[in-house]
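Visitor: Okay, handing you the structure first.
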Amino acid sequence: MTARAIIIGAPRSGSGKTSVTIGILRALTRRGLKVRGAKSGPDYIDPGFHTAATGLSGVNLDSWAMPPSLLNALAAQAADDTDFVILESAMGLFDGIPAAPGRTGSAADLARLYGLPVLLVLDVSGQSTTAAAVAKGFATYDPDVRMAGVVLNRLGSERHRRLSGDAIEAIGLPVVGAILRDPTLNLPERHLGLVQAGEYDDLMAHLDRLADMAEKSLDLDAVMALATPLTPAIGDFADALQPPGQRIALAEDAAFSFLYPHVAACWRKAGAEIVPFSPLADEAPDEDCDVCWLPGGYPELHAGKLAAATNFHAGMARFATTKPIHGECGGFMVLGEALEDASGETHRMLGLLGHSTSFAKRKMNLGYREARLRADCPLGPQDALIRGHEFHYAQMTATGNDEPLADLADGQGNPLGASGYRRGHVSGTFFHAIARA
């Protein structure tokens, strides 16, 4: 039997949907159910919390970056041998980009595609009956996206709950949760989103507090009753990123953690072995590996320690003489000559590419990207078209003299120019790859 599923949506980021999602995931898991979290769109951090809360690997489902067949295959895999899939929306429920129908990247695309109901989380602080107008707008905006219930968040009092809840139920939407304002439930944030799950000393205690909140403030039986079967059309993994080698040395620690669960899973499914190592622990890639991958993360927070990791530097230099190395975003920054941290101190990086970057001079770069590769590299062969995204605050302060890696366009196909660099066996770019176009 396939899992039942529901989408947790909201009008905007910051409404509390992540806390509600994690609370439901953890509470149902504590009841002995097999529950999996999913996230619409590009997000590295929330799936880590989903995984920690349930013990089952989270997954990203991205209607823009993933061809429909891959999207269906991943959705079916998420639903297999699972009781419930709780799918958390990115940003607002309908937020995506102008694109072909069903390919905007929004969670609403997934609601339409799979006929899934939406549990709407409303931050009602600073309003009362007006919340019903917001809920009615969501209920009528798109007849193919069904609002099944509402959770009221950040309530100030029982009277506040009554005014908001009664008005919403009067328009025909059931209120299945009412959460009082409680700052202790908030998850800490930094410049790219939440602090990562792996950085908490007391992660499970916090997840259990969110589960306690869900048990107390939500009608979990009603939430489960709202869910409907997740039954995707038949798909396949043909458009997944192919393994860049048989044995992949993967940097993995607090500085390098942004690898999508589906990418690693598809590499393993294709027969590759992932061999993790920690640059922060001054480890070098295993020389028996075929390729080295430096994912994104937070190297700007650990630049001094990375600069002092002499064994890491020497091992990467040796590896680069004969085998491919690729860096994405934070990994790309570390491949360069230097990285300036937030305080303005400059640290020596690997120098395997000639650029330098700065986190002191910050400017947000955010959006879907499509890259056509100018040469063979671990992302794929020359001329391959790869879809993904950029999300970083660092800027380039020196470009060096290396060859460009790819020609980049935004999510609507508008050219953005050359992106990334390549030199010998080494390549890197700020662009995060999700799937083949």
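Visitor: Could you give the nm distance between label points at residue 396 and residue 321, where each point is 7 Å from its Cα heading toward the beta carbon?
Guide: Between residue 396 and residue 321, the simple spin-label model gives 2.9 nm.
Visitor: On to the next question. Mind checking which aspartates and glutamates have their Cα closer than 13 Å to the Cα of residue 361? Skip sequence neighbours fewer than 8 apart in that chain.
Guide: Leaving aside aspartates and glutamates fewer than 8 places away in the same chain, those within reach of residue 361 are 300, 340, 341, 345.
Visitor: Would you tell me the accessible area of residue 363, worked out with a 1.4 angstrom probe on the heavy atoms of the protein chains, in Å² to the nearest 10?
Guide: Solvent-accessible area, nearest 10 Å²: 120 Å².
Visitor: Can you tell me the accessible area per residue over the stretch 106-180, all protein chains present, probe 1.4 angstrom, in square angstrom? Mind dumping the intermediate values first?
Guide: Working: 3090 Å² over 75 residues.
For the stretch 106-180, the per-residue accessible area is 41 Å².
Visitor: Test of understanding: what is the full-extension gain from residue 212 to residue 34, defined as 0.36 nm times their sequence separation minus their Cα-Cα distance?
Guide: Values: separation 178, 0.36 × 178 = 64.08 nm, distance 1.81 nm.
Computed gain between residue 212 and residue 34 is 62.3 nm.
Visitor: So what is the calculated 222 nm ellipticity per residue for the chain, using -39500 (n - 2.57) for each DSSP H run with n of 4 or more, over all residues, to the nearest 500 deg cm²/dmol?
Guide: Working: 12 runs with 121 residues, N = 437.
Rounded to the nearest 500, it is -8000 deg cm²/dmol.
Visitor: Using the heavy atoms of the protein chains alone and a 1.4 angstrom probe, what is the accessible area of the stretch 227-342 per residue in square angstrom? Please list the in-between numbers first.
Guide: Details: 4070 Å² over 116 residues.
Using a 1.4 Å probe on heavy atoms only, each residue of the stretch 227-342 averages 35 Å².
Visitor: Starting from the amide H of residue 149, placed 1.01 Å from N in the peptide plane, find each other amide H under 5 Å away whose residue is 5 or more places distant or on another chain.
Guide: Long-range HN contacts for residue 149: 118, 120.
Visitor: Could I ask something else about it? Between residue 231 and residue 275, what is the label-to-label distance in nm when each label sits 7 Å out along the Cα-to-Cβ direction?
Guide: Using points 7 Å along Cα→Cβ, the separation is 4.6 nm.
Visitor: Counting Lys and Arg as +1 and Asp and Glu as -1, each charge on the Cβ, what is the dipole of the chain about the Cα centre in debye, to the nearest 20? Kindly include the intermediate steps, with their values, before the conclusion.
Guide: Working: 38 positive and 50 negative charges, 174 e Å.
Computed about the Cα centre, the dipole is about 840 debye.
Visitor: How far apart, in nm, are the 7 Å Cα→Cβ label points at residue 159 and residue 100?
Guide: 5.5 nm
Visitor: What pairs from 39/323; 269/323; 269/305; 17/216 go past 26 Å between their alpha carbons?
Guide: 39/323; 269/305
Visitor: If Lys and Arg each add +1 and Asp and Glu each add -1, what is the summed charge of the other residues whose beta carbon sits under 9 Å from the beta carbon of residue 356? Intermediate results must be reported in sequence, preceding the final value.
Guide: Values: positive: none; negative: 337, 340.
After counting each charged neighbour, the total is -2.
Visitor: Let me ask another. Calculate, for the stretch 7-96, the solvent-accessible area per residue in square angstrom, rolling a 1.4 angstrom probe over the heavy atoms of the protein chains. All intermediate terms of the calculation are to be shown ahead of the outcome.
Guide: On the way: 2300 Å² over 90 residues.
Accessible surface, normalised per residue, equals 26 Å².
Visitor: Please work out how much accessible surface residue 15 shows to a 1.4 Å probe, ignoring ligands, DNA and RNA, in Å² rounded to 10.
Guide: We get 0 Å² for residue 15.
Visitor: At a 1.4 Å probe radius, carbon and sulfur cover how many percent of the accessible area of the stretch 5-95?
Guide: Values: 1160 of 2260 Å².
Carbon with sulfur: 51 percent of the solvent-accessible area.
Visitor: Just to verify a number: what accessible area does residue 31 come out at with the full protein assembly present, 1.4 Å probe, Å² rounded to tens?
Guide: Looks like 110 Å² after rounding.
The values are calculated or read from the model by the stated rules, or taken from the named source; none is laboratory data. Just so it is clear, the model here is predicted, and its values are computed rather than measured. No Cβ is skipped: glycine too gets one built from the backbone with ideal geometry, and neighbour counts run over all protein chains shown. Ligands, DNA and RNA are stripped out before the accessible areas are found, and what is left, the full protein with its side chains, is counted by its heavy atoms. Shrake-Rupley method; radii C 1.70, N 1.55, O 1.52, S 1.80 Å.
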